[in-house]
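Everything on this sheet refers to the single structure shown next.
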Amino acid sequence: MAARANGVALDRLATVLGHRFGEPALLEQAVTHPSATSPARPDNQRLEFLGDRVLGLIVAEALLAAYPGEAEGALAPRFNALVRGETLAEIAVEIGLGEFLRLGRSEATGGGRKKKAILADAMEAVIAALFLDGGMAAAQHFVLARWQGRIEAQDEAPMDAKTRLQEWAQGRGMAPPAYAVTGREGPDHAPRFTIEARLESGETTAGQASSKKQAEQVAAAALLARLGVTGGDDE
């Protein structure tokens, strides 16, 4: 009965995604958090690794089409804003992905269905499942349906957090912020880096992400928030 209930839930998720899976096991794996893994039920970390790359390719191609006159320096912050964990988590919430996650008891009772990091990772894994089951067309159909509005809404290229922090520091006569790796965890195919951002004046914050560059952005954003710097403001 439980297996059937799980199957019904996955059917509903597939409907939300707009794809009929030939291999439903791919979708099941995509929503399985490491806390719920077993020998018969692999977790979604490998799919997360692939989904990150698939999403990046689709978004990069869409940006080239949407902003044909922009240089790489302007496209990069647009791209970063669209593929960051916060955006992935937002879209996961929009489609109700948390409802379908397979979580261990501790994560389920600890609010795991609403945790941004878990939702973002699962969203990447779902994109990978679409890609493996239906090819690039299936993944692209879903991604563009959910991301295109965000792509077109970027009237001006957003300034990434590292650039904003550097400009804030330089505007006050400080040296550029320094970044240092303070931790690394997870398997080789899905690492998590912890980066510390430090200002000459002594303020520090840390950020964690699946790549060093992303972790630097997270750390810079956290430091901006601590300093009370929002948007493009420098006060």
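Any read-out appearing in this document is the output of simple, stated calculations on the displayed coordinates, not a laboratory observation. For clarity, every value in this text was computed on a predicted model and none was experimentally measured. Neighbour counts are summed over all protein chains in view; Cβ atoms, including those assigned to glycine, are modelled from backbone coordinates with ideal geometry.
Can you tell me how the stretch 64-205 classifies by the Cα gyration tensor, rounded, prolate or oblate, using a/c under 1.5 as the rounded cut?
Working: a/c = 2.26, a/b = 1.27, b/c = 1.78.
Judged from the Cα gyration tensor, the stretch 64-205 comes out oblate (a/c at least 1.5, b/c at or above a/b).
Would you please state which residues of the stretch 45-65 a label at Ile95 would reach in this model, taking the label point 7 Å out along Cα→Cβ and a backbone N cut-off of under 12 Å?
Only 55 pass the distance filter.
Stretched out fully, how many nm does the piece from Leu144 to Thr163 gain, at 0.36 nm a residue minus the Cα gap? Each step should come with its number before you reach the end.
Details: separation 19, 0.36 × 19 = 6.84 nm, distance 2.78 nm.
Stretched fully, the Leu144-Thr163 segment lengthens by 4.1 nm.
Within the stretch 97-199, report the GluC sites (Glu not before Pro) that DSSP leaves as loop and that have at most 11 other Cβ atoms within 10 Å.
Details: sites: Glu99, Glu107, Glu124, Glu152, Glu156, Glu167, Glu185, Glu196; in loops: Glu156.
Passing both the DSSP loop test and the Cβ count: Glu156.
Give the separation of the Cα centroids, the stretch 64-139 to the stretch 194-210, in Å.
Between the Cα centre of the stretch 64-139 and that of the stretch 194-210, the gap is 24 Å.
Given the Cα-Cα distance of Arg105 and Gln154 and 0.36 nm per residue of separation, how much length would full extension add, in nm?
Working: separation 49, 0.36 × 49 = 17.64 nm, distance 3.99 nm.
Extra length from Arg105 to Gln154 when fully extended: 13.6 nm.
Can you sort Ser210, Ser201, Ser35 so the residue with the fewest Cβ neighbours within 10 Å comes first? Don't skip to the answer; put the middle values down first.
Numbers: Ser210 20, Ser201 10, Ser35 17.
Exposure proxy ranking, most exposed first: Ser201, Ser35, Ser210.
Tell me, in nm to one decimal, what length is gained between Asp188 and Glu61 on full extension, where the rule is 0.36 nm per residue of separation less the Cα-Cα distance? Working shown, then result.
Values: separation 127, 0.36 × 127 = 45.72 nm, distance 2.76 nm.
In short, 43.0 nm is gained.
If I fit a long axis through the Cα atoms of helix 85-94 and take the longest principal axis of the Cα atoms of the chain, what angle between them do I get, 0 to 90°, rounded to 10?
That works out to roughly 40 degrees.
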